[in-house]
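Visitor: First the structure, then my questions, so here it is.
The values are calculated or read from the model by the stated rules, or taken from the named source; none is laboratory data. Keep in mind it's a predicted model, so treat the numbers as computed, not measured. Virtual Cβ from ideal backbone geometry, glycine too; neighbours counted across all protein chains shown.
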Amino acid sequence: MTEEREASGNGRERPSTAADRRGRRSGPAPTGDGKGGRAAVREARPARASFFSRIARFLREVVAELRKVIWPTRNQLVTYTIVVLVFVSFMVALVWLLDFVFAQGVLFLFGT
């Protein structure tokens, strides 16, 4: 396997363990403090902004996200609408047909 990596020429080595593949590094064993070896450090929370400033920030973020959207052209919109209408019509016809067949089957079995 190593020869194949050397022959490919990219110089990257495949991770050997699952932890390496997830990007974890092997390090010292966790301490017995019950927190998985992590120090109990609390970050100070920033002061809460006022209600109106939070609403304004939310609206600015909404507008920023809407600017990232790739809106369909008129031709794409017409095409997508036709596809949806055809699919919905097909599904309505299929459900109607199955309902009719099952209703006829029930009438045949139990009579009127």
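Visitor: What is the residue count in the stretch 53-81 for residues that are at pLDDT 95 or above, surrounded by 10 or more Cβ atoms within 10 Å (Cβ to Cβ) and among the hydroxyl-bearing types (Ser, Thr, Tyr)?
Guide: 3
Visitor: Also, quick follow-up: So, VAL101, is that one among the aliphatic types (A, V, I, L, M), modelled with pLDDT of 95 or more and under 28 Å from the mean Cα position of the chain (by Cα) or not?
Guide: On the way: among the aliphatic types (A, V, I, L, M): yes; modelled with pLDDT of 95 or more: yes; under 28 Å from the mean Cα position of the chain (by Cα): no.
It is false that VAL101 is among the aliphatic types (A, V, I, L, M), modelled with pLDDT of 95 or more and under 28 Å from the mean Cα position of the chain (by Cα).
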